[in-house]
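The values are calculated or read from the model by the stated rules, or taken from the named source; none is laboratory data. This one's a predicted model, so the numbers in the text were calculated from it and none came from an experiment. When we count neighbours, we look across all protein chains shown, and the Cβ atoms used for this are built from the backbone with ideal geometry, even at glycine. What goes into the accessible areas is simple: the full protein's heavy atoms, side chains included, and nothing from ligands, DNA or RNA. Shrake-Rupley method; radii C 1.70, N 1.55, O 1.52, S 1.80 Å.
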Amino acid sequence: MRRAGFTLLELLVVICIVAVLALHLNRRLQLLQVDAEHAAVEHVVGTLRSAVALEVASHVLRGEPASLRVLLDTNPMDRLAERPGNYLGELDAPDPTTVPGGRWYFDRGERVLIYRVRHGEFVETPLPGPSRIRFKYRLLTADSTPDGEFEPHGQEIRGLTLTAVEPYRWLDPRGAKKDQTS
């Protein structure tokens, strides 16, 4: 009479197959998480840029484009009707190592909006320490100086935009580099 059940060899083969599938699934999940984080960051940046564009239009329509200068060091999140759920608020000289990944915050001292990257191994930035991306308002002028800096004399203010303080690049978790975003 033949016994029903698995042999030890069959059980080991099934365990190996399940382990390989679990590793593949785990890697695929990580790829999706990195892609989702990248998309979420770019969505917030796009929303912030739209909000500042509305503010610029308001100043221009009132004939006061020069008054945009007062917005330079303000918190971009103040332009939103509703802040993202992962926004921590305004912090005084925060240590980036203590800020959880996947969070936005405004550094009051440096006057910059910062995103602390959750999957930092997939972002290139010149900043030391934990991966983070910093944003700040910049004036758009009619006649830029060679260094790109605003000089109050002789330059007509045309607008305001949100830009990255330092260049950054999202890395494709599949191995190729994605386009630079700023």
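Let's see if you can work this out: charge +1 on each Lys and Arg Cβ, -1 on each Asp and Glu Cβ, no other charges. What is the dipole magnitude of region 1-147 about its Cα centre, in debye to the nearest 20?
Numbers: 18 positive and 18 negative charges, 128 e Å.
Computed about the Cα centre, the dipole is about 620 debye.
Quick one: among Leu48, Leu12, Leu113, which has the greatest mean-square fluctuation in a GNM of the chain with alpha-carbon springs under 10 angstrom?
Comparing Leu48, Leu12, Leu113 in the GNM, the peak value goes to Leu12.
Please list 3J(HN,Hα) in residue order for region 12-19, calculated via the Karplus relation 6.51 cos²θ - 1.76 cosθ + 1.60 where θ = phi - 60°; whole Hz, with x for glycine and proline.
Values, residue by residue: 5, 5, 5, 4, 5, 5, 5, 5 Hz.
Report the semi-axes of the equivalent ellipsoid for the chain in whole Å, largest first, where each axis is √(5λ) for an eigenvalue λ of the Cα gyration tensor.
Taking √(5λ) for each Cα gyration eigenvalue gives 48, 16, 15 Å.
Please list, ordered by chain and number, the residues whose modelled amide H lies under 5 Å from the amide H of Leu140; skip anything fewer than 5 residues away on the same chain.
Hits under the 5 Å cutoff: Arg158, Gly159, Leu160, Thr161.
If you build a Gaussian network model of the chain, linking Cα atoms that sit under 10 Å apart, which residue out of Arg103, Arg118, Arg62 swings the most?
Looking only at Arg103, Arg118, Arg62, the biggest GNM fluctuation is shown by Arg62.
Apply the Karplus parameterisation 6.51 cos²θ - 1.76 cosθ + 1.60, with θ equal to phi minus 60°, to every residue of region 68-76 and state each ³J(HN,Hα) to the nearest whole Hz, in sequence, with x for glycine and proline.
Taking θ as phi minus 60°, the curve returns 5, 4, 5, 7, 3, 9, 8, 7, x Hz for region 68-76.
Excluding the sites themselves, what is the longest stretch of the chain that contains no GluC sites (Glu not before Pro) in a DSSP loop with at most 14 other C-beta atoms within 10 Å? Don't jump to the answer; show the numbers that get you there.
Values: sites that count: Glu82, Glu110, Glu149, Glu156.
In short, 1-81.
For the chain, with every protein chain kept in place, what is the accessible area per residue (1.4 Å probe, Å²)? Before the final figure, lay out each step's value.
On the way: 11240 Å² over 182 residues.
Here the residues of the chain average 62 Å² of exposed surface.
Out of the total accessible area of the chain (probe 1.4 Å, heavy atoms of protein only), what percent is carbon and sulfur? Walk me through the numbers on the way to the answer.
On the way: 6480 of 11240 Å².
Carbon and sulfur atoms account for 58 percent of the accessible area of the chain.
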